[in-house]
Amino acid sequence: MGHGGGVGVFLVVEGPEGAGKTTLVRWLAAQFLAEGRSALTVREPGGTPVAEAARKLALKSKHDIAPAAELFLILAARADLVEREIRPALEAGKVVVADRFDLSTMAYQVAGRGLPREDVAAALRLATGGLVPDLTLVLDVPVEVGRERQRRLRKEQDRFERQDDAFHERVRAVYRDASGPRVVHLDATLSKKAVQESAWREVTAVSAHSLRGMS
Ligand code: Z5A
C-alpha cells in the first residue's frame, strides 16, 4: 500500500474520548482473525515499554506539563512504537490496527493545547519517518455523548479527560473537519453493530488488494 512502510495494511481508528475506538479496534482484530488473518493491534500512546512509560507520564502525571513537553512525550512513544512494532509488522505484510495516531496529535496538541500546526507536522514526520495510514476511520460523536459513555465506566479521569468542554470541542472540530482520500467518517452515535458493519465495508474496500493471499 502507499503508506511508505512495506506491503502490509495500516489502519487507524480515531475520534474523541468515548467514541468507541477501543471497541472497534478489538472487533476489527477479531474479524480479521475469524477470516484467518492475524492483525497487530496497538494503542497510542503506548505499545512498547518506553512508550508505555511515556504514556504514564503524559496521561497520569500529577505535575503540570508544558505543552511542548507533552508533545515530545507523545512523539517519543510514537517513534518507538513505529520503529519497533508497526514498521516491522507492515514490512512482514501484516495488518496493523492502531487506536489513535497522528490525527490525535493535531487534535489534542495543536487544537487542544495551541501548539503551532506546522511545527507539530514537522515533528510528526520526524517521529514516524513519514508513515501514513492506508485508512483512518474517524468515529464522529458529539462531545457530550462520548463523555457520558466514559462517565458510565467510572474510570479515574486522565489529564486530557479533565480538560473543560471548550478543549474537547476544539478536539472534536479537528476530527469533524478531517478530510482526505484515506479518511472516512463513521457515525458513532449508531449501534456498535452498525458502526462495525460500516467500518468493515471500508476496511475491506481498502485492504482487499493487499490482503489477497495473506495468512
Ligand atoms: N493523546 C494525545 O493527546 N495526543 C496523541 O497524539 C495521542 C493521544 C495518540 C489516550 O487516551 C489519551 O492520550 C487521549 C488523548 C491523548 N485522551 N483523551 N481523552 P485513550 O485513547 O486511552 O482514551 P480515550 O480516547 O479517552 O479512549 P477511551 O476512553 O478508551 O474511549 P474509546 O476507545 O473511544 O471508547 P471505548 O472504550 O471503545 O468505548 C467507551 C464506552 O462506550 C464503552 O462502554 C463501550 O462499550 C461504549 N460504546 C462503544 N461503542 C458504542 C456505540 N456505538 N454505542 C454505544 N456505546 C458504545
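The values are calculated or read from the model by the stated rules, or taken from the named source; none is laboratory data. From a predicted model like this one, the values you see are computed outputs, not experimental measurements. Cβ coordinates were reconstructed from backbone atoms using ideal geometry, including for glycine residues, and neighbour counts include every protein chain displayed. For the accessible areas, the whole protein counts, side chains as well, though only heavy atoms, and no ligand, DNA or RNA atoms are used. Shrake-Rupley method; radii C 1.70, N 1.55, O 1.52, S 1.80 Å.
Is at least one residue of the stretch 52-70 in contact with a strand residue (DSSP E or B) (Cβ under 7 Å, 6 or more places away or on another chain) and charged (D, E, K, R)? Spell out how you get there, then give the answer.
First, the residues of the stretch 52-70 that are in contact with a strand residue (DSSP E or B) (Cβ under 7 Å, 6 or more places away or on another chain): none.
Checking the stretch 52-70: not a single residue is in contact with a strand residue (DSSP E or B) (Cβ under 7 Å, 6 or more places away or on another chain) and charged (D, E, K, R).
Filter the stretch 170-210 down to the residues that are within 21 Å of Val7 (Cβ to Cβ) and within 16 Å of the ligand (Cβ to nearest atom) and list them by number. Even if it seems obvious, please write down each step before you answer.
Residues of the stretch 170-210 that are within 21 Å of Val7 (Cβ to Cβ), as a first pass: 181-182, 202-210.
The one that is within 21 Å of Val7 (Cβ to Cβ) and within 16 Å of the ligand (Cβ to nearest atom): Glu202.
Between a residue in the stretch 11-27 that is farther than 14 Å from Phe101 by Cβ and open to solvent by 20 Å² or more (accessible area, probe 1.4 Å) and any residue that is of a type in the set (A, V, I, L, M) and within 6 Å of the ligand (Cβ to nearest atom), which pairs come within a Cβ distance under 6 Å, given they are 6 or more apart or on different chains?
Final answer for the pair search is Gly20/Ala188.
Condition (residue is touching a Gly at 6+ places or on another chain (Cβ under 7 Å) and more than 10 Å from the ligand (Cβ to nearest atom)) applied to the stretch 8-30: is it met by at least one residue? Break it down stepwise before answering.
Narrowing the stretch 8-30 to residues touching a Gly at 6+ places or on another chain (Cβ under 7 Å): 8, 16-19, 21.
With the extra rule that they be more than 10 Å from the ligand (Cβ to nearest atom), the set shrinks to 8.
Yes, the conditions are met somewhere in the stretch 8-30.
Residue pairs, Cβ under 7 Å, 6 or more apart or interchain, first in the stretch 147-158 and closer than 19 Å to Ala188 by Cβ, second open to solvent by less than 100 Å² (accessible area, probe 1.4 Å) and near the ligand (Cβ under 9 Å from one of its atoms). List them.
Here the result reads Arg147/Glu17; Arg147/Gly18; Arg149/Gly18; Gln150/Glu17; Gln150/Gly18; Gln150/Glu161, each pair linking the stretch 147-158 to a residue that is open to solvent by less than 100 Å² (accessible area, probe 1.4 Å) and near the ligand (Cβ under 9 Å from one of its atoms).
Considering only the stretch 52-70, how many residues are near the ligand (Cβ under 10 Å from one of its atoms) and either open to solvent by less than 10 Å² (accessible area, probe 1.4 Å) or in a loop (DSSP other than H, G, I, E, B) (or both)?
2
Considering only residues that are surrounded by fewer than 21 Cβ atoms within 10 Å (Cβ to Cβ) and in contact with a Gly (Cβ under 7 Å, 6 or more places away or on another chain), which ones fall in the stretch 71-86?
Glu85
State whether the residues of the stretch 5-25 include one that is over 12 Å from the mean Cα position of the chain (by Cα) and of a type in the set (Phe, Trp, Tyr). Don't jump to the end; show me each part of the working.
Initial filter on the stretch 5-25 (over 12 Å from the mean Cα position of the chain (by Cα)): 5-9, 18, 23.
From what is left, the residues that are of a type in the set (Phe, Trp, Tyr) are none.
No, the stretch 5-25 contains no residue that is over 12 Å from the mean Cα position of the chain (by Cα) and of a type in the set (Phe, Trp, Tyr).
Leu40: modelled with pLDDT of 95 or more and away from the ligand (no atom under 14 Å from the Cβ), yes or no? Break it down into steps so the answer makes sense when it comes.
Working: modelled with pLDDT of 95 or more: yes; away from the ligand (no atom under 14 Å from the Cβ): yes.
Yes.
Just give me the residues in the stretch 114-144 being in a helix (DSSP H, G or I), open to solvent by 50 Å² or more (accessible area, probe 1.4 Å), closer than 20 Å to Val171 by Cβ and modelled with pLDDT of 95 or more, in sequence order.
Within the stretch 114-144, Arg117, Glu118, Asp119 qualify.
Out of all the residues in the stretch 148-192, which are open to solvent by less than 30 Å² (accessible area, probe 1.4 Å) and under 23 Å from Lys56 (Cβ atoms)?
Of everything in the stretch 148-192, those that are open to solvent by less than 30 Å² (accessible area, probe 1.4 Å) and under 23 Å from Lys56 (Cβ atoms) turn out to be Asp158, Arg159, Phe160, Glu161, Phe167, His168, Val171.
Can you name the number of the only condition in (1) within 18 Å of Lys21 (Cβ to Cβ); (2) part of a helix (DSSP H, G or I); (3) at pLDDT 95 or above; (4) more than 17 Å from the chain's Cα centre (by Cα) that Leu190 fails?
Failing condition for Leu190: (2).
Would you please list the contacts, defined by Cβ atoms under 9 Å and residues six or more apart or on different chains, that run from a residue in the stretch 95-122 that is more than 8 Å from the ligand (Cβ to nearest atom) to a residue that is in a strand (DSSP E or B) and among the small types (Gly, Ala, Ser)?
Every condition considered, the pairs that remain are Val95/Ala39; Val96/Ala39; Val97/Ala39.
Which residues, counting only those in the stretch 156-167, are within 8 Å of the ligand (Cβ to nearest atom) and farther than 20 Å from Ala54 by Cβ?
none
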